[in-house]
Amino acid sequence: MRKGPGRVLFHLAASLVGLAAAPAAMAQAPEWRVMMEMGKPGDRALLLVDGRSLLSPTRDTRTVDVSSFYSTIQTDDIKPYNVIRLTYRFDCRAKTGQRIREVILHDDKQLSRIEAVNPMAPVKPGTLQGDLIGPVCSGNFSTFPRITAATPALERKRRFGR
């Protein structure tokens with residue numbers, strides 16, 4: 001059966017729609033890895049890094065997302081919260097870093113968001129940034145084990161019972 005011009009245009013349009021949808025379909029779910037547990041008994045936090053959030057804006061810089069999931073509700077100058085998500089930027093050549101975003105949540109509800117670019121500062125060993133810069137700059141997060149639960153909230157519940 002021969003295709004007329006309308007049928008050819010339909011197939012061409014359908015192909016273009018498929019190509020436009022491809023990047024969204026290729027988006028990857030987070031790959032949460034456990035950096036550490038911290039805190040005191042009864043008030044613990046699980047610090048996770050999302051290996052798939054790693055971006056390279058320039059040849060020498062990298063950004064990555066880190067989240068703290070608390071076992072108990074935290075209070076501060078804002079409403080009670082139990083999750084803090086941070087985005088860090090590192091200059092791998094200069095060995096400097098900075099926090100560029102902070103999002104505070106109660107479960108999945110965002111309470112505040114701060115986009116602040118502080119000056120790059122030297123990364124000090126033994127700090128969160130010191131523990132992150134090596135894996136971030138190499139792109140290898142294998143030293144941090146993957147969470148075993150389906151989501152960070154379920155991992156927090158599995159580890160802390162809450």
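How big is the dipole moment of the stretch 27-162 about its Cα centre under a simple scheme where the beta carbon of each Lys and Arg is +1, that of each Asp and Glu is -1, and everything else is neutral? Debye, nearest 20, please. Please report the intermediate quantities before stating the final value.
Details: 22 positive and 15 negative charges, 42 e Å.
Dipole magnitude for the stretch 27-162 comes out near 200 debye.
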Exactly which trypsin sites (Lys or Arg not before Pro) in the stretch 59-89 are in a DSSP loop and have at most 14 other Cβ atoms within 10 Å?
ARG59
How much solvent-accessible surface does SER142 expose, in Å² to the nearest 10, with a 1.4 Å probe and all protein chains in place?
80 Å²
Once the dipole of the stretch 97-162 is set up with Lys and Arg at +1 and Asp and Glu at -1 on Cβ about the Cα centre, which of LEU154, GLN129, THR143 lies farthest towards its positive end?
LEU154
I'd like the distance separating the alpha-carbon centroids of the stretch 30-90 and the stretch 91-162, in whole Å.
4 Å
The simple spin-label model distance between SER112 and ASP77, using points 7 Å out along Cα→Cβ, in nm, is 0.6 nm
With a ≥ b ≥ c from the Cα gyration tensor eigenvalues, square-rooted, and the rule rounded for a/c under 1.5, otherwise prolate when a/b > b/c and oblate otherwise, the stretch 48-162 is oblate
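The values are calculated or read from the model by the stated rules, or taken from the named source; none is laboratory data. In this text, all values refer to a predicted model and were calculated from it rather than measured experimentally. Reconstructed Cβ throughout: ideal geometry from the backbone, glycine too, with neighbour counts over all protein chains shown. Accessible surface areas use protein heavy atoms only, side chains included; no ligands, DNA or RNA. Shrake-Rupley method; radii C 1.70, N 1.55, O 1.52, S 1.80 Å.
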